[in-house]
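Single-structure report; data block below.
The values are calculated or read from the model by the stated rules, or taken from the named source; none is laboratory data. In this text, all values refer to a predicted model and were calculated from it rather than measured experimentally. Methodologically, a virtual Cβ is constructed for each residue, glycine included, from the backbone with ideal geometry; neighbour enumeration extends over all protein chains shown. Keep in mind that these areas ignore ligands, DNA and RNA; they rest on the heavy atoms of the full protein, side chains included. Shrake-Rupley method; radii C 1.70, N 1.55, O 1.52, S 1.80 Å.
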Amino acid sequence: MTGMTRTSGDRTSEASPVTGPFISTWSAVSAFGIGRESFSAGLRDRKPVVTALDPDQWSAPATEACLVPGGDPRELLGRKGTRSMDRATGLAVAAVGRLLDDGTGTRIPGVDESTALVLGTSNGSVRSIMSFTRDALTEDKPYHVDPARFPNTVMNCAAGQSAIRHGLRGPNVTIAGGRASALLALNHAQRLQRSGHARSVVCGAVEEFSAERAWLDWHAHTEQGRAPLTGEGSAVLLLESGAPRGGAALAELAAVEVGLPHAESEVTAVLADCVRRALARAGLDADSVWAVAPADLPGTLGTAERHALDEALGGRTPRGLLCTELLGDTGAVSAAFQITALLSAAESDPESAGRAGVVTTVDREGVVGCALLRFPGPEHGRR
């Protein structure tokens, strides 16, 4: 047996098609800009979005990064309630706010106080954790720290603040799983729905840029060659367990599969098995796959991911959607951006109708996984 694979759902249903949950809308805050329209436009243009770093503000190992324009919480959300808010929380609150607003200041259908929120992250705010710890060690006394900044050191700060500011009183969950965070969050969202704890779930991930995180990424890549630029952002979906209350669904979340290779040499085999299981669970074959959105890491892990897709899809080459080359290494939110890239591309590509999209991820800490989205056929229409 090569590695272990942990799957979601009831194994008895793997051979038959599934129905739901459905993705009814999405939003993103990225280096492309704020909101769904900016993300879609950036994806179409295929131009990398790079910002020159001000050395007086960022003591990072690189001179450039893929930053959200106006990513400071006060610029994103205004001055009220943002004095001590960290960048990760601001990005998440902004993304959730954009998701819930129908564009006219009215809350979208399908969301109420009982709506759950599941947010993926790598470590919360690395900058907040490290700077608060540094102050505790360097101030005249350990307790001479700013107490208003302490909540930022808690990993679930972004999810908690997003729920408080937007009135979401359902289950509130933070999941830390590196690049696989968004897929693990989707997995947990489905469990909440199956167990009856929530009909609708706001689900996604967030990652902030900071000099501290940039240095950690730089050291992590020293043995794998040149690292991609560090990126940031947040992307969220509205996942509904029944027919979307706001109209037609954008896609069905047909399957999520997560694998745990014992060693890097098993990444290809375990990830390929995840993709095959996802297709079997949805009652689809490789010919049904319209597009793939891989993590596309540099080095051996990226190669292993490409080989896994080749094995699982029988050498077929569906449309490829690459986000890392445009948005940088966005860490925990990378898989969420891959999903929104699929959703965005499907809305403008008639070839996606009635077919599927595959998102894959490979994390340096040893988690691999995939999500399978099934898009509605022309008879169901599109929004």
Practice prompt. Give me the percent of the accessible area of region 130-248 that comes from carbon and sulfur atoms, probe 1.4 Å, all protein chains in place.
Written response: 57
Practice prompt. Please work out whether region 187-307 counts as rounded, prolate or oblate from its C-alpha gyration tensor, where a ≥ b ≥ c are the square roots of the eigenvalues and a/c under 1.5 means rounded, while otherwise a/b larger than b/c means prolate and anything else oblate?
Written response: oblate
Item to complete: Can you tell me how much longer the chain between V154 and A248 gets when fully stretched, taken as 0.36 nm per residue apart minus their C-alpha distance, in nm with one decimal?
Response: 30.1 nm
Worksheet, complete the sentence: Dividing the helical contributions, -39500 (n - 2.57) per DSSP H run of n ≥ 4, by the residues of the chain yields a 222 nm value, nearest 500 deg cm²/dmol, of -10000 deg cm²/dmol
Practice prompt. Towards the positive end of the charge dipole of region 141-209, with charges on Cβ (+1 Lys, Arg; -1 Asp, Glu), say which of A159, Y143, L186 has the farthest Cα.
Written response: L186
Worksheet entry | Packing-based ranking, highest mean first, of 141-147, 158-164, 275-281 given that Cβ atoms within 10 Å are counted | 158-164, 275-281, 141-147
Worksheet item: Taking θ as phi - 60°, what are the ³J(HN,Hα) couplings along region 114-119 by the Karplus curve (6.51, -1.76, 1.60), each to the nearest whole Hz, with x for Gly and Pro?
Response: 7, 5, 8, 10, 10, 10
Fill in: Euclidean distance between Cα centres, region 282-338 to region 235-272, Å
13
Worksheet item: Expressed as a whole percent, how much of the Cα-Cα distance distribution for region 244-310 exceeds 17 Å?
Response: 50
Worksheet, complete the sentence: Shape call for region 30-117, from the Cα gyration tensor axes a ≥ b ≥ c (a/c under 1.5 means rounded, otherwise prolate when a/b beats b/c, else oblate), comes out oblate
Discussion item. Show me, for region 105-113, the HN-Hα J-couplings you get by feeding each phi into the Karplus relation (A = 6.51, B = -1.76, C = 1.60, θ = phi - 60°), rounded to Hz, glycine and proline as x.
Written reply: x, 9, 5, 5, x, x, 10, 9, 4
Worksheet entry | the chain, dipole about Cα centre (Lys/Arg Cβ +1, Asp/Glu Cβ -1), debye to the nearest 20 | 980
Discussion item. At 1.4 Å probe size, with the rest of the protein present, what percent of the exposed accessible area of region 256-383 is carbon and sulfur atoms?
Written reply: 50
Worksheet item: When you count, for each residue, the other Cβ atoms within 10 Å and take the mean per peptide, how do 84-90, 240-246, 363-369 rank with the highest first?
Response: 84-90, 363-369, 240-246
Item to complete: Mind running the shape call on region 122-193? Use the C-alpha gyration tensor, a ≥ b ≥ c as the square roots of the eigenvalues: rounded below 1.5 for a/c, prolate if a/b tops b/c, oblate otherwise.
Response: oblate
Worksheet item: Once the Cβ-Cβ distance between R83 and S348 is put in as r, and R0 is 41 Å, what FRET efficiency do you end up with, to the nearest 0.05?
Response: 0.50
Item to complete: Hey, for a label at I164 modelled as a point 7 Å past Cα toward Cβ, could you say which residues of region 187-218 have their backbone N under 19 Å away?
Response: 206
Worksheet item: Working from the pairwise distances between different alpha carbons, so that the mean of 1/r is found and then inverted, what is region 86-125's Kirkwood radius in Å?
Response: 11.6
Worksheet item: In whole Å, what is the distance between the alpha-carbon centres of region 148-187 and region 24-100?
Response: 17
Practice prompt. Return, ordered by residue number, the residues of region 158-187 whose backbone nitrogen is under 20 Å from a label point located 7 Å along Cα→Cβ of E113.
Written response: 160-173
Discussion item. Given an 8 Å cut-off on Cα distances and at least 6 residues of separation, report the relative contact order of region 234-322 as a percent.
Written reply: 28
Worksheet item: Taking the simple approach of a point 7 Å from Cα along Cα-to-Cβ for both E75 and A220, what is their distance in nm?
Response: 2.5
Discussion item. So with the 1.4 Å probe, I'd like the accessible area per residue for the chain, rounded to whole Å².
Written reply: 42
